[in-house]
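S.K.: The structure that follows is given in the form of C-alpha cells.
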Amino acid sequence: MSDRFFLDTNVLVYSLTSGAPEKQGVAVALIDRAIESGKGVISYQVVQEFFSVAFRFKSPISLDDAERYLSTTLRPLLAVHSSYSIFGKALQLNRQNSLSWYDSLIVAAALESKCETLFSEDLQDQREFDDLKIINPFI
C-alpha cells in the first residue's frame, strides 16, 4: 500500500454544512490535506453521492457553486473510475463482510487505488480490509 487515503462522501458533505461546525472543521482540514499533498482520493461514486446530497441541502448548492466545487475540489481528488474489477471486488466484499452494496463499492475503490486509510463515519472505526484501515475522523 501507500500513504494515499480515500475520502468517503460524508467528509465532502460535512465540509459544506454549517450545522456541525466541529465536523465541518475536520472535513475541511482533511480535504485541504488531500489536495495539497496529492495523496487524497475519491471515486466517481463519491462525486455522484455528494451532488445528490448537496442539491438537497436545506439551502441547496447552486449550479455555479457546484461547478466551482467540481473543478477546484473534486477534480484534483477524482482518481477512481468504475471498472469491472471494482464491481467484482465489491461483490466479494459484500458477500464476505455483509457490507451494503454502496459501502462495498467505496471499500473496493479505496483498495483499487492502493489507499492505506479510508476516512468515513459510515463504517466501523479501526476496521481493516486487507491493508486498508477505516478511520472515522469525527470521533
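S.K.: Round to the nearest 0.05 the FRET efficiency obtained for W101 and H81 when R0 = 25 Å and r is the Cβ-Cβ distance.
M.R.: After rounding to 0.05, the efficiency reads 0.90.
S.K.: What ranking do L105, L93 get, fewest neighbouring Cβ atoms within 10 angstrom at the top?
M.R.: Ascending Cβ contact count within 10 Å gives the list L93, L105.
S.K.: Next question, about the same structure. Considering only L77, S59, G88, whose Cα is most displaced toward the positive end of the charge dipole of the chain, charges sitting on Cβ of Lys, Arg (+1) and Asp, Glu (-1)?
M.R.: Farthest towards the positive pole: G88.
S.K.: Right, another one. Select from L16, L132, S104 the residue farthest towards the positive end of the dipole of the chain; place +1 on Cβ of Lys and Arg, -1 on Cβ of Asp and Glu, and compute about the Cα centre.
M.R.: About the Cα centre, the residue reaching furthest to the positive side is S104.
S.K.: Separate question: Out of V47, F119, I31, whose Cα points farthest toward the positive end of the dipole of region 5-135 (charges: +1 Lys, Arg; -1 Asp, Glu; placed on Cβ)?
M.R.: Value computed over the given set: V47.
S.K.: Hey, another quick one. About its Cα centre, what dipole magnitude does the chain give when the only charges are +1 on Lys and Arg Cβ and -1 on Asp and Glu Cβ, stated in debye to the nearest 20?
M.R.: It works out to roughly 180 debye.
S.K.: Ignoring everything except DSSP H segments at least 4 long, calculate the 222 nm mean residue ellipticity for the chain; use -39,500 (n - 2.57) per segment, divide by total residues, nearest 500.
M.R.: Only helices count here, giving -15000 deg cm²/dmol.
S.K.: If exposed chymotrypsin sites (Phe, Trp or Tyr not before Pro) are those in a DSSP loop with at most 15 other Cβ within 10 Å, what is the longest stretch of the chain that has none?
M.R.: So the longest stretch without any such site is 58-139.
S.K.: Tell me which lysines have Cα within less than 29 Å of K89's Cα, excluding those fewer than 8 residues away on the same chain?
M.R.: K39, K114, K133
S.K.: Something else: Percent relative contact order of the chain, based on C-alpha pairs within less than 8 angstrom and at least six residues apart?
M.R.: 29 percent
S.K.: List the trypsin sites (Lys or Arg not before Pro) within region 35-139 that fall in a DSSP loop (any state other than H, G, I, E or B) and whose Cβ has at most 10 other Cβ atoms within 10 Å.
M.R.: Those that pass, being in a loop and sparsely packed, are R56, K58.
Bear in mind these aren't lab numbers, they're just calculated from the coordinates by the rules spelled out. Owing to the predicted nature of the structure, the values given are computational and were not obtained by experimental measurement. All Cβ positions, glycine included, derive from the backbone under ideal geometry; neighbour counts span all protein chains shown.
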